[in-house]
1. Which residues, taken from the stretch 154-202, are of a type in the set (Ser, Thr, Tyr), within 15 Å of the ligand (Cβ to nearest atom) and assigned to a loop (DSSP other than H, G, I, E, B)?
2. Quick one: in the stretch 86-103, which of the residues that are β-branched (Val, Ile, Thr) and buried (at least 19 other Cβ atoms within 10 Å of the Cβ) is nearest to the ligand (Cβ to nearest atom)?
3. Looking only at helices (runs of 4 or more DSSP H) that fall completely inside the stretch 329-391, which ones have 3 or more residues that are in contact (Cβ under 8 Å) with a residue 24 or more places away in the chain and over 19 Å from Ala310 (Cα atoms)?
4. Before we move on, is Arg298 under 28 Å from Gly73 (Cα atoms) and not aliphatic (A, V, I, L, M)?
5. Does the stretch 65-85 hold any residues that are within 15 Å of the ligand (Cβ to nearest atom) and not polar (S, T, N, Q), and which are they?
6. I'd like to verify a number: residues in the stretch 275-303 that are out of contact with any strand residue (DSSP E or B) (no Cβ under 9 Å at 6 or more places or on another chain), among the hydrophobic types (A, V, I, L, M, F, W, C) and in contact (Cβ under 8 Å) with a residue 60 or more places away in the chain, how many?
7. Which residues, counting only those in the stretch 126-184, are surrounded by fewer than 22 Cβ atoms within 10 Å (Cβ to Cβ) and closer than 19 Å to Glu262 by Cβ?
8. How many of the residues in the stretch 310-328 are closer than 15 Å to Val296 by Cα and in a loop (DSSP other than H, G, I, E, B)?
Amino acid sequence: MRLALDGGTPVHTSGWPAWPPPATPEQRALLLEVLDGGAWGATAGTRVAEFATAFAASVGAEHGVCVVNGTVGLFLALRALGVGPGDEVIVPAYTFVASATSVVLAGARPVLADVTPDTLHLDPAAVERAITPRTRAIMPVHLAGAPADTEGLQAFGIPLVEDAAQAHGAARHGRPAGSLGAVACFSFQSSKAMTAGEGGIVVTCAREVYERLWSLHNVGRRLGGGWYEHPEIGWNLRMTEFQAAVLTPQLSLLDGQVAARERAAAYLAGELAAVGGLSLLPGPEGTTRHGRHLGVVRYVPAEFGGRSKADFVAAMAAEGVPLDAGYRSLSREAALRPYVGEASCPVAETAEDSVVWIRQNLLMADEDALADIVSAAAKVRHEFRAQPEMM
Ligand SMILES: *Cc1c(COP(=O)(O)O)cnc(C)c1O
């Protein structure tokens, strides 16, 4: 069968589910209520505060503070723990760049630690090597929707700031992501598993951390204090009532969406392994609920005639299956070099060259469409092996 890239017929032509999904009647009604009610900001309305409480409860945390985005949420989480200039925060090398830049925003230095080859999550052994007397926090990233090995990291006695930007609905040993560290941050940016286009929330079980978060995101005001009373430095980083109106109904949709993605992931794990040269990475041992925000797939070029990951992504896209090439290793990001120095992170660097992602909207497709992902991969493998890379 000729590859679509070479003029053949594509395997999949019927498109993929949209992300975000079409708005529900409840979202429309709430959004119009806010619009017509005139209380558009969180200092005038009650929806942001209600959503913060409901979301925090859903992840087993006591308190939540809604903010403008996840990056700023991580910055606030660090500042609320007292992280600042002169301090170091350990961040995995395979993550979104904001995990590291939020540390820079807080005035501290991100220190990269490599990830484990089986899950691409923060490697506790690499963290141990990266710890110095200046280490003030560790930032486990719940990559792709699976919680990091937080017990392994807790053993160092350094506070954990969970980067749960991708981990809505995830759980480790039955405990939700968001209640596995000192403080946690979720994102509601367009691509995330709950979204308002932009937005974020910081959650914690500690009252004093909550009070600091609240103050920092509300211009240094004090809970219960006056409008022009600013006992500390803070900023206006508040979410709008419009965002809370769009987000609130998603709380009751999340479980069903995660279940659909888990079913798709279970199917693809088996079928892609049978194709050969492709494996869907599992969450770390102890993952009891994988949000499957992304399906992370390892591509073995030797099984595909030596053809590169870029060739594979291009051929799959032509077959109607848009995959994502994923992150670069943060150890290779020139903009971070002045902060992280010459970090060697061979596992993250290998992942950059060999890992592709299946985005969550593909994982929410019907069975026929999921089968097309497998058929396209088998077709590309067959054709690549027939026309191998010239060595
Ligand atoms: C999306 C994301 C962020 C940043 O969230 P924004 O809302 O886009 O600022 C941080 N860390 C990870 C791992 C992310 O995926």
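1. Ser190, Ser191, Thr195
2. Thr95
3. Hits in the stretch 329-391: 360-363, 367-386.
4. So Arg298 fails the test.
5. Answer for the stretch 65-85, where residues must be within 15 Å of the ligand (Cβ to nearest atom) and not polar (S, T, N, Q): Val65, Cys66, Val67, Val68, Gly70, Val72, Gly73, Leu74, Phe75, Leu76, Ala77, Leu78.
6. Result for the stretch 275-303: 1.
7. Scanning the stretch 126-184 gives His173, Gly174, Arg175.
8. Count: 7.
No lab work stands behind these numbers, since they all come straight from the coordinates. All figures in this text were calculated on a predicted structure; none of them were measured in a lab. A quick note on method: Cβ atoms are made from the backbone with ideal geometry, for glycine too, and the neighbour counts reach across all protein chains shown.
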